Amino acid sequence: MKTYQTDQIKNIALLGNSGSGKTTLAEAMLFNGGVIERRGTIDGKNTVSDYRPIEHENGNSIYSTVLYTEFRNKKINIFDTPGLDDFSGGVISSLYAADTALLVINVQNGVEVGTDIHFRHTEKVNKPVIIVVNGLDHEKANFEKSLEMMKERFGNGIILVQYPVNEGVGFNSVIDILKMKLLQYPKDGGAAKVSDIPADQMDKAAELHNTLVEKAAESDESLMELFFSNDKLSEEEIRKGVAKGILTRGMFPVFCISAKNNIGVDDLMDFIVSEAPSITDMPAPRNSKGNIVKPDPAGPGSVYVFKSSIEEHIGEINYFRVYSGKITENLDAVNSNNGTKERLSQLYVCAGKNRTRVPELHTGDIGAFVKLKNTKMDHTLNVPGNDWRYEGVRFPDPKYRIAIKAQSESDDEKLGEALGKIHLEDPTIIIEYSKELKQIIVHGQGEYHLNIMKWHLDNIYKIPTNFNSPKIPYRETITRSAQADYRHKKQSGGAGQFGEVHLIIEPYVEGSSEQSMMKFGGKEIKLSVRGKDEVDLDWGGKLIYCNCIVGGSIDARFMPAILKGLMEKMEVGPLTGSYARDIRVYVYDGKMHPVDSNEISFRLAGRNAFSQAFKTASPKILEPVYEVEIMVPSDRMGDVISDLQGRRGMVLGMSSEKRFEVIKARVPLAEMNKYSTALSSITGGRAMFTMRFLEYAQVPGDVQESVIKAYTEEEEEE
Ligand SMILES: Nc1nc2c(ncn2[C@@H]2O[C@H](COP(=O)(O)OP(=O)(O)OP(=O)(O)O)[C@@H](O)[C@H]2O)c(=O)[nH]1
Ligand SMILES: [Mg+2]
């Protein structure tokens, strides 16, 4: 295969609602470029892009796929992404590696939920968008309605570059408003016959052409001046204006195709190779030193791995984009994430699972490595002497959790390995081995997402597993002060044990100062703090340990042992066995025995005194509370809010944002179980939400009772 220079490469991501025809379009683009000899179909389960077993089973793309095609002496790298929102990880990493998004719209439905969601992804990363209206051969095609919806949702950047002449069954012609030509396609599609616009279409074409010219002029001042003085622009000038409009997101040009019949696809490809932003047009990334890395083919070789996958018989494949320089076969590189050396012995370009070996790849190009030892998704490889890294792909926070367990304990290790591989291929699946909950918690984007993961465990890894409700990481704390004494004494046989500890505990609030006197049962206890340990607990919150011993009643050398004893109880709170937090302890008195006192004795005395005090200090259970942000269409806002109230949620604020109402609320994690499924059914899949941990807060009395009851029952069972 030919080596392409930086200015001969375009990188595009196919976005759009599920079923809009992205995979079918990719197939047509590869066919037109001669990369494949015949076009596969979704029904035939033989497309280049949807090659994985789960994709055949479901008839949908599940992962993003890296493909390429060649057209008019240029290379187009294509990322075909899944339209279903649970698999947005593939969309986000593809958009990261691409320069332009092709937003595919099913002309039967116009702008759908997924169209909108994907458009918002492009907004977030500020990438240009070209709109492709697909399915014009369908009997239910409705171009005008789709166009209206696009204008309403995406604003006046929507601008026609083509319009269909005969939409519906038999669709074979479009008018190209830029070239001002009629394009007619043969029955099985492919290359267009180009001719003059027929008289009956001339008025419409001329009017749309004028709109396009004005819009093109608007994107560049010098063009605007030319337009004012000449009242027209040449095709070359229009193209320049359109290209600039696309780059700045001032223009979203619209194309009309039937991917299934390969109609209009060649004209779209022609536009991509000539007008879509090139590598050097796009803002360059910054490296870890904060410097801009120019897309310079003569610069030092540097590549970023944006995606990993695991293929049968091959193992790990790492897909990368060259950010600087030229990568040649057998180059020695350094992984700047872990400092290891990697020899890049084989370079490939990929069209789905088909790989073609290439000798070199230039800045901006997309390729793949196999058999690297220590490199994976999100790593950067540089030529030696260079330690650049990039701000990598940012995946969305998880919003769905489930506990998973192998049905047979003997599969535990295998399950661990499989989950590791699953995470590598889809970083939006996050595995948490919770020592605290004694569960493996899998976090993902939604119920469907995790069901697909289970399908892989069942069918590919062949590990039978059970999904269970995930436990909640509760915390315990106290709400008032309490005092306790404990004497640990063992004097049977040989060496004895003796330790006595008197202590006071109180709730700790950040910034509060220590007490100098406290009263219990009418007795005043003086506290003068001689030493203080502030323990930042691994699970959040603090334990403040104050040494208030006077007159040497406990030797200083036993103080660490007492703290050890306290920590043992902090790890297993008395109510539910959860971690405890935010407590201040004053050890103010005690007793020693000249022979029998030792560290064990004081550890046990400290532990038991603390436990006694804890129980009388009105202990409370704390639960994790999340801040949930929901984008919802206005007509469903009331339903969403009343559902939140049923989840003990508290609305913090509401605002309007581009076609959506945004609700911010705080909701306990315990009530967020299956929220994505519930929200989807309330809004017909038209809402989106994110959630992030906010704080621990006390649970209401009735919830505390039921949590303690559940814990006690579980303990009794064990
Ligand atoms: N009539 C008609 N059907 C089409 C066209 N393009 C795609 N389809 C059909 O629409 C269905 C969905 O097409 P896909 O290419 O899988 O759509 P997708 O956008 O990749 O969907 P996801 O992978 O789920 O995001 C398939 O049955 C295709 O055959 C078209 O131009 N015309
Ligand atoms: Mg697809």
Any chance you could count how many residues in region 1-39 are outside any helix (DSSP H, G or I) and either touching a residue at least 40 places away in the same chain (Cβ under 8 Å) or near ligand 1 (Cβ under 10 Å from one of its atoms) (or both)?
22
Kindly establish whether Ser61 is in contact with a Pro (Cβ under 7 Å, 6 or more places away or on another chain), more than 12 Å from ligand 2 (Cβ to nearest atom), of a type in the set (Ser, Thr, Tyr) and closer than 30 Å to Pro396 by Cβ.
no
Scanning region 66-90 for residues that are within 13 Å of ligand 2 (Cβ to nearest atom), in contact with a Gly (Cβ under 7 Å, 6 or more places away or on another chain) and either within 15 Å of His449 (Cα to Cα) or part of a loop (DSSP other than H, G, I, E, B) (or both) gives Thr81, Pro82, Gly83
Yes or no: region 247-263 includes at least one residue that is touching a residue at least 24 places away in the same chain (Cβ under 8 Å), of a type in the set (Lys, Arg) and in a helix (DSSP H, G or I).
no
All positions within region 234-264 that are touching a Gly at 6+ places or on another chain (Cβ under 7 Å) and either modelled with pLDDT under 95 or of a type in the set (A, V, I, L, M, F, W, C) (or both):
Met251, Phe252, Phe255, Cys256, Ile257, Ala259, Ile263
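Kindly indicate whether any position in region 127-136 is at pLDDT 95 or above, at positive phi and part of a loop (DSSP other than H, G, I, E, B).
Taking region 127-136 and keeping what is at pLDDT 95 or above, we get 127-136.
Of the ones still in play, those that are also at positive phi are 135.
Still in the running and part of a loop (DSSP other than H, G, I, E, B): 135.
Scanning region 127-136 turns up at least one residue that is at pLDDT 95 or above, at positive phi and part of a loop (DSSP other than H, G, I, E, B).
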For the structure I just gave you, tell me whether Tyr63 is within 11 Å of ligand 1 (Cβ to nearest atom) and in a loop (DSSP other than H, G, I, E, B).
yes
Does Asp538 meet the test of being touching a Cys at 6+ places or on another chain (Cβ under 9 Å) and among the acidic types (Asp, Glu)?
no
Would you check which residues across region 353-376 are outside any strand (DSSP E or B), within 25 Å of the chain's Cα centre (by Cα) and within 26 Å of Thr280 (Cα to Cα) and list them?
Gly364, Asp365
Restricting attention to region 545-586, which residues are more than 27 Å from Val699 (Cβ to Cβ), out of contact with any helix residue (DSSP H, G or I) (no Cβ under 6 Å at 6 or more places or on another chain) and not in a helix (DSSP H, G or I)?
Cys546, Cys548, Ile549, Val550, Gly551, Gly552, Ser553, Ile554, Asp555, Tyr586
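Looking at region 208-221, is at least one residue part of a helix (DSSP H, G or I), within 16 Å of ligand 2 (Cβ to nearest atom) and at pLDDT 95 or above? Even if it seems obvious, please write down each step before you answer.
Initial filter on region 208-221 (part of a helix (DSSP H, G or I)): 208-218, 221.
Applying the additional criterion that residues be within 16 Å of ligand 2 (Cβ to nearest atom) yields none.
The answer is no, given that none of the residues of region 208-221 is part of a helix (DSSP H, G or I), within 16 Å of ligand 2 (Cβ to nearest atom) and at pLDDT 95 or above.
Answer yes if at least one residue in region 395-412 is within 19 Å of Glu312 (Cα to Cα) and either in a loop (DSSP other than H, G, I, E, B) or out of contact with any Gly (no Cβ under 7 Å at 6 or more places or on another chain) (or both), and no otherwise. Quick ask: steps written out before the conclusion?
The initial filter retains those residues of region 395-412 that are within 19 Å of Glu312 (Cα to Cα), namely none.
No, every residue in region 395-412 fails to be within 19 Å of Glu312 (Cα to Cα) and either in a loop (DSSP other than H, G, I, E, B) or out of contact with any Gly (no Cβ under 7 Å at 6 or more places or on another chain) (or both).
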For region 66-89, name all the residues that are surrounded by fewer than 24 Cβ atoms within 10 Å (Cβ to Cβ), within 15 Å of ligand 1 (Cβ to nearest atom) and within 21 Å of Ile279 (Cα to Cα).
none
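Name the one entry in Gly40, Gly34, Gly16, Gly44 that is within 22 Å of Val358 (Cα to Cα) and of a type in the set (Gly, Ala, Ser).
Details: Gly40 fails: within 22 Å of Val358 (Cα to Cα); Gly16 fails: within 22 Å of Val358 (Cα to Cα); Gly44 fails: within 22 Å of Val358 (Cα to Cα).
Unique residue meeting the criteria: Gly34.
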With respect to Phe271, determine if the residue is crowded, with 20+ Cβ neighbours inside 10 Å and under 30 Å from Glu237 (Cβ atoms).
yes
Got a number for residues in region 550-576 being small (Gly, Ala, Ser), surrounded by fewer than 15 Cβ atoms within 10 Å (Cβ to Cβ) and more than 15 Å from Lys532 (Cα to Cα)?
2
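The values are calculated or read from the model by the stated rules, or taken from the named source; none is laboratory data. Computed from a predicted model, the values in this text were never measured in an experiment. Counting neighbours? That spans all protein chains shown, and the Cβs are built from the backbone with ideal geometry, glycine included.
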